[in-house]
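Each remark here refers to the structure printed beneath this line.
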Amino acid sequence: MELLILAIAMIILALGLGFQIGIASWQIRRANRYKRATRRLEGAYEHLKDKFGSLDKYATDISWLLDFLYSRYSRFEDIENELTRDSEEPIENLDDKKKALRLIKITVRAADNIKGCMKTIASQISLIENEFNHDEDEEEDDTPPENEG
């Protein structure tokens with residue numbers, strides 16, 4: 001009788017152990033899938049980050065070039081004069097030129113606004129740094145010297 005109870009207990013323990021091993025292996029597989037997905041997402045993130053960096057550099061270069069050309073060629077007054085006088089060009093070309101001129105003006109205005117904002121942000125950051133450094137200097141001056149001896 002005792003041997004039967006012991007055998008039943010051993011079977012139950014073996015089944016429990018098998019069940020726990022199955023759960024552990026399932027969790028390990030799930031963790032590996034999670035790691036693979038995380039690595040894939042990190043790769044995609046780095047790829048997108050590189051692409052956005054390139055796009056930002058390209059947009060900055062284009063903005064600078066348009067700003068330079070806009071100021072160099074007297075704000076493209078010749079194009080405006082050409083658009084205002086009667087021309088024998090088809091209407092589609094005139095519309096394209098009007099859209100291009102409007103896009104250039106908007107881009108230049110946006111670049112000027114961004115420059116203004118960047119100057120404001122830079123001045124605010126420098127003020128904060130100066131105040132921070134000034135506060136640190138005051139704290140050092142306020143600490144009483146240690147008594148020696």
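The values are calculated or read from the model by the stated rules, or taken from the named source; none is laboratory data. Just so you know, these numbers come straight off a predicted model, no measurement behind them. Here the Cβ is made from the backbone with ideal geometry for all residues, glycine too, and neighbour counts use every protein chain on show.
Here are the numbers for the structure shown:
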item	result
Selection status of THR84, exposed (fewer than 10 other Cβ atoms within 10 Å of the Cβ) and modelled with pLDDT under 85	yes
Tabulated pairs, the stretch 52-81, first surrounded by 11 or more Cβ atoms within 10 Å (Cβ to Cβ), second part of a helix (DSSP H, G or I) and among the polar types (S, T, N, Q), C-beta under 7 angstrom, 6+ apart or interchain	SER63/THR107; LEU66/THR107
Residue, nearest to the chain's Cα centre (by Cα), within the stretch 103-142, restricted to residues that are more than 30 Å from GLU80 (Cβ to Cβ) and among the small types (Gly, Ala, Ser)	ALA122
